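Below is one structure, written out as structure tokens; comments come after it.
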Amino acid sequence: MSTSTPTQNDQLPSADALGPRELVMRVMPMPADANGNGDIFGGWIMAQVDLAGSVLPLRISRGRVATVAVNEFIFKQPVSIGDLLSFYAEVKRIGRTSITVHVEVFAERNPANPHVVKVTEANLTYVAIDREGKPRAFAVQA
């Protein structure tokens, strides 16, 4: 794993060059993920958003990343057992060592009469790290 910094001739991709949001994960919550009211725990949803949000930074950094900030997290609708959750991620900003990602979560409900609702959205920042856990510049893509 290289920890060199980009030279003037090397360029990191801009957020615009990476394209629109991308489906990065799908999961269905199970009964063990629910609270006493039958709704899915917010902490479980947050963990799934963190996993989904890391997909694009992992791909871009070509190495380890760590979550350094949850800039915003909004629960719009409760999530229920049996909802099929789809996680879409979009890179909003790329820095020298960090990437900010926007994640939207949609629930597909009621298979007999399906409808889709946005249940959560969040902005998270990840930093590329080396084997010692220190921030590193992104590997330059050829």
If a residue must be within 16 Å of T125 (Cα to Cα), modelled with pLDDT under 95 and small (G, A, S), how many such residues does the range 67-96 contain? 1
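Report, by residue number, each residue of the range 111-142 that is assigned to a loop (DSSP other than H, G, I, E, B), acidic (D, E) and in contact (Cβ under 8 Å) with a residue 40 or more places away in the chain. Give the derivation first.
Applying the first criterion (assigned to a loop (DSSP other than H, G, I, E, B)) to the range 111-142 yields 111-114, 130-134, 136-142.
Remaining after also requiring acidic (D, E): 130, 132.
D130 - this is the single residue of the range 111-142 that is assigned to a loop (DSSP other than H, G, I, E, B), acidic (D, E) and in contact (Cβ under 8 Å) with a residue 40 or more places away in the chain.
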Looking only at the range 84-110, which residues are in contact (Cβ under 8 Å) with a residue 12 or more places away in the chain, part of a loop (DSSP other than H, G, I, E, B) and open to solvent by 50 Å² or more (accessible area, probe 1.4 Å)? R96
Does the range 62-83 hold any residues that are open to solvent by 80 Å² or more (accessible area, probe 1.4 Å), closer than 20 Å to I129 by Cα and in a loop (DSSP other than H, G, I, E, B), and which are they? R62, R64
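Where residues in the range 17-40 are outside any loop (DSSP other than H, G, I, E, B) and over 17 Å from the mean Cα position of the chain (by Cα), which of them is modelled with the lowest pLDDT?
Keep residues of the range 17-40 that are outside any loop (DSSP other than H, G, I, E, B), which gives 17-18, 22-27, 31-34, 39-40.
Subset that is over 17 Å from the mean Cα position of the chain (by Cα): 17, 31-34, 39-40.
Details: A17: 50, P31: 95, A32: 95, D33: 95, A34: 96, D39: 93, I40: 96.
Filtering first and then ranking leaves A17.
The values are calculated or read from the model by the stated rules, or taken from the named source; none is laboratory data. Model, not experiment: these values are computed from the prediction. Here Cβ is always computed from backbone atoms with ideal geometry, including for glycine, and neighbour counts include all displayed protein chains. Note: areas computed on protein heavy atoms with side chains; ligands, DNA, RNA excluded. Shrake-Rupley method; radii C 1.70, N 1.55, O 1.52, S 1.80 Å.
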